[in-house]
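Laboratory data are not the source of any read-out in this text; all were calculated from the coordinates shown. Everything numeric here is computed off the predicted structure, so don't read it as measured data. Note that we place each Cβ from the backbone using ideal geometry, even for glycine, and neighbour counts take in every protein chain shown.
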């Protein structure tokens, strides 16, 4: 009895240590970013161009390029990924050859390193399709990388929809498309929003993919066919290649973390607001 109680207390202590570690690490990271970059952060930093290799000036062109890359990525990921998830859950039998093949393919693609997607985007989009180092190339490559994860999360959200909804739709003689549009998608909206948040976070945080595809240019992009530097690439360049770039890199990282938090909160707010409708 004493041994069992001692084991239980030991396991409880281990779990508390793990939970404390999970909480302390993000706090320590934010503290380091705040101490290094908060003094460098200002409105001028957000709305001016980088100067002296990023040591001075701001990140306005970087923000614009990041927004264009992200919009390009999500404009491909959301319609294609949601359509694929609907096909897997509503049309394809998971035990069929196609269902198993799709499942294995998504699992394999989800585990491919980002550098491989970067090389693929460089060869296929930049060279074969002659898109060059551009925001379009970076966005399309990010979409290829984010699609497997987005599809899997949307698939799980759609499968979690109560079976009673489908039964009620059949009892009311509602068409399949009507059931999907008016019942299934609204009921899974919170899960789809979460999938979008995760896909957005992964796209914003990627560096290797964009170095090979979107390029390094820190000027204002003229169009999506122009080269553009994302926030993650800018942080990497300042921290690794620019002497004295620690503070602007930390300030840029604070902006990136803030954007992720805003996207997360906004998606949750709109998901809860639209779900009752």
Over all distinct alpha-carbon pairs, what is the Kirkwood Rh of the stretch 64-230 in angstrom? 17.0
Everything considered on the Cα gyration tensor (a ≥ b ≥ c; rounded for a/c under 1.5, else prolate if a/b is larger than b/c, else oblate), the stretch 89-183 must be described as prolate
Can you tell me the 0 to 90 degree angle between the C-alpha axis of helix 2-37 and the longest principal axis of the chain, rounded to 10? 40
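For the chain, what is the mean residue ellipticity at 222 nm derived from helices alone (per DSSP H run of n ≥ 4: -39500 (n - 2.57); sum divided by total residues; nearest 500 deg cm²/dmol)?
On the way: 12 runs with 191 residues, N = 277.
Taken over the chain, the calculation gives -23000 deg cm²/dmol.
Ranked by Cβ crowding within 10 angstrom, fewest neighbours first, how are 152, 159, 229, 55 ordered?
Listing 152, 159, 229, 55 from fewest to most nearby Cβ atoms yields 159, 55, 152, 229.
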Measure out, as a whole number of angstrom, how far apart the alpha-carbon centroids of the stretch 90-119 and the stretch 2-21 sit. 39
Which shape class applies to the stretch 1-142: rounded if a/c is under 1.5, otherwise prolate when a/b exceeds b/c and oblate if not, where a ≥ b ≥ c are the square roots of the Cα gyration tensor eigenvalues? oblate
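Remind me, relative contact order of the chain in percent, using alpha carbon pairs under 8 angstrom and six or more residues apart?
Relative contact order here is 27 percent.
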Return the single residue from 88, 263, 14 with maximal mean-square fluctuation; model: Gaussian network over the chain, springs between Cα atoms under 10 Å. 14
